[in-house]
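Student: If you scroll down you'll find the structure; I have some questions about it.
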Amino acid sequence: MACIDDDATGETIEVLWDAELDGEVLSEESWDRISKQGTDDPSVFSAYLKTLRWNTATSSDRELFQAPFRAGIHLDAFQLLPLRKALKLPRVNLLIADDVGAGKTIEAGLVLRELLLRHRIDFVVVAGPAGTVRQWQDELETKFGLSFTIVDRDHLNVLRRERGYGAEPWSSGSRFILSHSLLTDETYVAGLRDLLGDFRPRSLLILDEAHHAAPASGMKYAIESQFTRVVRGLADRFEHRLFLSATPHNGHSNSFSALLEILDPQRFTRGVPVRPKDLDPVMVRRLKSDLRHFGERFPLRKVEPIRIADLPQSAPELVLASMLRVYADAVRAKAEGLPPRQAGYVRLTLVGLQQRLLSSIAAFARTLEVHRKGLLRASGSTPAASSRTSICQPPSGSTTAQCGAISMSLSSMRSTSSSGIGAPPGLPATRPGRQPRVAAKKAQGSRSAGPESFGDRCGFTASVSERVCCSGTRS
């Protein structure tokens, strides 16, 4: 038999005709019948040929994408760049740092889907903030057809109730989502660490909001947080790592290099300046202004300030701001001789009070009350007794009394306002029933904390800062 294919025209082959299944010899009339039907439309034949190529793509062809055509998404051209960079890397160690709203979740889903289609991964863990866990699950399932299991307390209880107390969630599947807060809990991470071992091939870690894993300090040998240590210990066990963050750089080069070292320890080292030629292969960073320049349609944000003119000096917001400013000056004066760490606690307390006042008078009132009680405990007075003495009749020069004076002003504002707490004319009143987020409840809870716990640092208990406010020295 002679071949009629274009690539091997005229080549002959010998076959055992009796062994052929449904062999048929075409007569001249049969060839005429084929010629009468004609050839396919060029566009139809092109689509058929491309379909064959997509279905037969291998991991060796890095320029042929499959994931965009197997996802239910509206794809923008700029979202293919992370996928292209990922396929060029022998191990996908990629930092996607596009601007907020540019579609980092879709870009990560494309990389994930492509690696699954090319059989380069078979185990995936997505770690993100607790508020985005459900969103990740919905996005991956609806847009990419990938089902993920959320590992949390409810899932763990159900699994152990069905399979026994010793059951591990990580052995019940291959695609999981975990919140950042649970990454530091050994109840959930110990089993994952055992499953990964020292190194697990064909595994992928997707870390959303990856800047949380970077050391907060810019010092070369700054102490890492617990979350940083956990992420560093887990990332080394995954073959592929995909980090997402709209703000990867916090202004400290050492912190940024530490984050890149977690991503790719062979390419980066903490404390060593990052060179652009090393960063380009593993990072994608586009702002909306850059994408808008190339024709992408992003709404242009316009900030129009609302100026409040002719506000009387007796307006509650102005009165409270003035009193808080005097109080802050007095506290700073007493904290001048403190060590840097203790002075930082004092500044953090004052910043917290300022933030509450900018939020709403209701939030400021709640936080100030907790702060005042902490001052009273630090001075050795009871809140009831101090409310009759030092607050009603404040001695001059006492920061505790100044704080009490602000509380009295707030009380008078409450009595004169019915619709909202101290809303001046022309300004909307505080929404009734609003419950501002206050850390006082946690700080005053059943847990016992040292004098320098997180609640203390925020100034909500009798901490270093409150002792400074009370006496000017650390007791």
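The values are calculated or read from the model by the stated rules, or taken from the named source; none is laboratory data. Because the structure is a prediction, the values reported are computed rather than measured. Don't worry about glycine lacking a Cβ; one is built from the backbone with ideal geometry, like all the others, and counts go over all protein chains shown.
Rundown of residues vs (1) more than 14 Å from Glu139 (Cα to Cα); (2) of a type outside the set (Gly, Ala, Ser), yes/no style:
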| position | (1), (2) |
| --- | --- |
| Asp61 | yes, yes |
| Ala67 | yes, no |
| His74 | no, yes |
| Gln79 | yes, yes |
| Ala97 | yes, no |
| Gly101 | yes, no |
| Arg113 | no, yes |
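Student: Just to be sure before I move on: is Ser225 of a type in the set (S, T, N, Q) and in contact with a strand residue (DSSP E or B) (Cβ under 9 Å, 6 or more places away or on another chain) in the structure I sent?
Tutor: No; evaluated as a whole, the condition is false for this residue.
Student: If you don't mind, another one. Here are Arg160, Arg153, Arg118: which of them is under 28 Å from Arg286 (Cβ atoms) and either of a type in the set (D, E, K, R) or modelled with pLDDT under 90 (or both)?
Tutor: After ruling out the rest, the residue left standing is Arg118.
Student: For the range 252-259, check the following and say yes or no: at least one residue is modelled with pLDDT of 90 or more, within 21 Å of Ser203 (Cβ to Cβ), surrounded by 12 or more Cβ atoms within 10 Å (Cβ to Cβ) and not β-branched (Val, Ile, Thr).
Tutor: yes
Student: Within the range 268-314, can you find the residues that are touching an Asp or Glu at 6+ places or on another chain (Cβ under 7 Å), more than 19 Å from Ala77 (Cβ to Cβ) and surrounded by 15 or more Cβ atoms within 10 Å (Cβ to Cβ)?
Tutor: Listed by number, the residues that qualify are Phe268, Arg270, Val282.
Student: Tell me the helices (runs of 4 or more DSSP H) entirely within the range 308-408 that contain at least 2 residues that are more than 30 Å from Ile223 (Cα to Cα), of a type in the set (Gly, Ala, Ser) and modelled with pLDDT of 80 or more.
Tutor: Values: elements: 316-334, 340-359, 361-379, 383-388.
Ranges flagged: 316-334, 361-379.
Student: Can you spot a residue in the range 90-109 that is surrounded by fewer than 18 Cβ atoms within 10 Å (Cβ to Cβ), closer than 20 Å to Gln266 by Cβ and either within 19 Å of the chain's Cα centre (by Cα) or in contact (Cβ under 8 Å) with a residue 60 or more places away in the chain (or both)?
Tutor: Within the range 90-109 (the criterion being surrounded by fewer than 18 Cβ atoms within 10 Å (Cβ to Cβ), closer than 20 Å to Gln266 by Cβ and either within 19 Å of the chain's Cα centre (by Cα) or in contact (Cβ under 8 Å) with a residue 60 or more places away in the chain (or both)), the answer is yes, since at least one residue qualifies.
Student: I'd like to check something: does the range 101-119 contain any residue that is closer than 30 Å to Pro299 by Cβ and in contact with a Ser or Thr (Cβ under 8 Å, 6 or more places away or on another chain)?
Tutor: Within the range 101-119 (the criterion being closer than 30 Å to Pro299 by Cβ and in contact with a Ser or Thr (Cβ under 8 Å, 6 or more places away or on another chain)), the answer is no, since none of the residues qualifies.
Student: Further, regarding this structure: Starting from residues that are outside any helix (DSSP H, G or I), within 59 Å of the chain's Cα centre (by Cα) and surrounded by fewer than 11 Cβ atoms within 10 Å (Cβ to Cβ), keep the ones in the range 11-68 and report whichever is modelled with the highest pLDDT. Show your work before the answer.
Tutor: So in the range 11-68, the residues outside any helix (DSSP H, G or I) come out as 11-16, 20-27, 38-41, 56-66.
Applying the additional criterion that residues be within 59 Å of the chain's Cα centre (by Cα) yields 38-41, 56-66.
Then drop every residue that is not surrounded by fewer than 11 Cβ atoms within 10 Å (Cβ to Cβ), which leaves 38-39, 41, 56, 58, 60, 63.
Values: Gly38: 69, Thr39: 72, Asp41: 83, Thr56: 69, Thr58: 65, Ser60: 68, Glu63: 80.
Of everything passing the filter in the range 11-68, Asp41 is modelled with the highest pLDDT.
Student: Pairs needed: first member in the range 148-173, in contact (Cβ under 8 Å) with a residue 24 or more places away in the chain and polar (S, T, N, Q); second member anywhere, surrounded by 12 or more Cβ atoms within 10 Å (Cβ to Cβ) and in a helix (DSSP H, G or I); C-beta distance under 6 Å; at least 6 residues apart or different chains.
Tutor: Taking only residues 6 or more apart or on different chains, not a single pair turns up.
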